[in-house]
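See below for the structure under consideration.
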Amino acid sequence: MGEFPSQFSLDILEPPPPEALLRDTLGQKVALGLFVALDPSGAPWRFDLDQPEQPSWLLGSSMSHFLVFAPEPIAEGTVWAETLGFAPGAGYQLVQLSQVPCDSSDADCMEGQDLEGVPVPPGDASQVSLVLGPPGHVALPFLNQ
């Protein structure tokens, strides 16, 4: 039986597969990685961002952090830089989500708050929290704001 809170590090040694990369209108590519807890018997562990329902295998997720992978640096002022809140360099970047005030006229504004990505400096430890719950009751960043 594990102990909570648990401490671990995660080394990612390869880039994500090409089909995981999302393109913006200029052709710049990124992959987004979410920290999740899943039911090991629930394969295949995939979800479609266009589908509103949560997959039944999803038992928990982090609402505090996510990963960004960019095969090439993302330029300032582009769709990805604006969406993420910063322009990531090439490779993996751990991102912490921070709530910021927003104007209710902004489409992403929920109850005066929006989420903004803040890059975690390379080599810094960060506390990534997972929220666990019954299937169908777990939120994912960006999908259930």
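Of the residues that sit in the range 49-88 and are in contact with a Ser or Thr (Cβ under 9 Å, 6 or more places away or on another chain) and assigned to a strand (DSSP E or B), which one is farthest from E116 (Cα to Cα)? Of everything passing the filter in the range 49-88, S62 is farthest from E116 (Cα to Cα).
The sole residue among Q7, Q54 that is in contact with a His (Cβ under 9 Å, 6 or more places away or on another chain) and either at pLDDT below 80 or closer than 25 Å to L132 by Cα (or both) is Q54.
The residue pairs whose first member lies in the range 1-17 and is aliphatic (A, V, I, L, M), whose second member is outside any loop (DSSP other than H, G, I, E, B) and modelled with pLDDT of 75 or more, and whose beta carbons are closer than 7 Å, counting only pairs six or more residues apart or on different chains, are I12/Y92. Scanning the range 38-59 for residues that are over 26 Å from A70 (Cβ atoms), aliphatic (A, V, I, L, M) and in contact (Cβ under 8 Å) with a residue 60 or more places away in the chain yields a single hit, L59.
Assess whether L115 counts as being modelled with pLDDT under 75, within 14 Å of the chain's Cα centre (by Cα) and either of a type in the set (K, R) or part of a strand (DSSP E or B) (or both). Yes; evaluated as a whole, the condition is true for this residue.
Restricting attention to the range 12-48, the residues that are assigned to a loop (DSSP other than H, G, I, E, B), aliphatic (A, V, I, L, M) and surrounded by 10 or more Cβ atoms within 10 Å (Cβ to Cβ) total 3. Among the residues of the range 89-97, none qualifies, meaning not one is buried (at least 17 other Cβ atoms within 10 Å of the Cβ), at pLDDT 80 or above, of a type outside the set (S, T, Y) and touching a Lys or Arg at 6+ places or on another chain (Cβ under 9 Å).
The values are calculated or read from the model by the stated rules, or taken from the named source; none is laboratory data. Computed from a predicted model, the values in this text were never measured in an experiment. We place every Cβ from the backbone using ideal geometry, glycine too, and count neighbours over all the protein chains shown.
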